[in-house]
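*Asks:* Once you've had a glance at the structure underneath, I'll fire off some questions.
The values are calculated or read from the model by the stated rules, or taken from the named source; none is laboratory data. What you are looking at is a predicted structure, and each value in this text was computed from that prediction instead of being measured. For neighbour counting, all protein chains shown are included, and Cβ atoms are generated from backbone atoms with ideal geometry for every residue, glycine included.
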Amino acid sequence: MANGSSTMNDLANLIARLRQERIEAEEQLAQVDEQVRAVETTLRLLRQNGASQEQEIFKSLLPELQGKKQLDAMLLIASKNNGILKVNYAKRLMLEAGIIRNPKNAASILYTLISRSEKFEKVKPGEYRCIGSTAKFA
């Protein structure tokens, strides 16, 4: 009987420890959510301070990009920019839309997609023209 009681005590202690870890993890998650909101607010304010054509396109594109595959997103971005894809601009958009999750490999992902898709031609470093850019992509 003593052995069963010891096991039950150990399990009760484990439950208490796991609940405490969950509370700590939820607190950390709340802090991360707060930081994300702060950065989103900062981005929004920066965009409002310099209302360029690119920023107007940015605002309208974010909702359209949600749920798109990477290549489809790149084609959509190019179509909204007269057939031109600027890699840094596309990277920012795709990161914010959640299409690309890791900022460290974002540029590499985009350049790989560009080279493998054969749907873009190089205009200058970091800038590509969509082949058949008169077509609309959605």
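*Asks:* How about the stretch 95-138: which of its residues are closer than 14 Å to Ala73 by Cα, at pLDDT below 90, of a type in the set (A, V, I, L, M, F, W, C) and assigned to a loop (DSSP other than H, G, I, E, B)?
*Replies:* Phe137, Ala138
*Asks:* What's the total number of residues in the stretch 114-132 that are buried (at least 18 other Cβ atoms within 10 Å of the Cβ) and of a type in the set (A, V, I, L, M, F, W, C)?
*Replies:* Of the residues in the stretch 114-132, 3 are buried (at least 18 other Cβ atoms within 10 Å of the Cβ) and of a type in the set (A, V, I, L, M, F, W, C).
*Asks:* Run Ile84 past the list (1) closer than 23 Å to Arg44 by Cα; (2) more than 13 Å from the chain's Cα centre (by Cα) and report the number of the one that doesn't hold.
*Replies:* (1)
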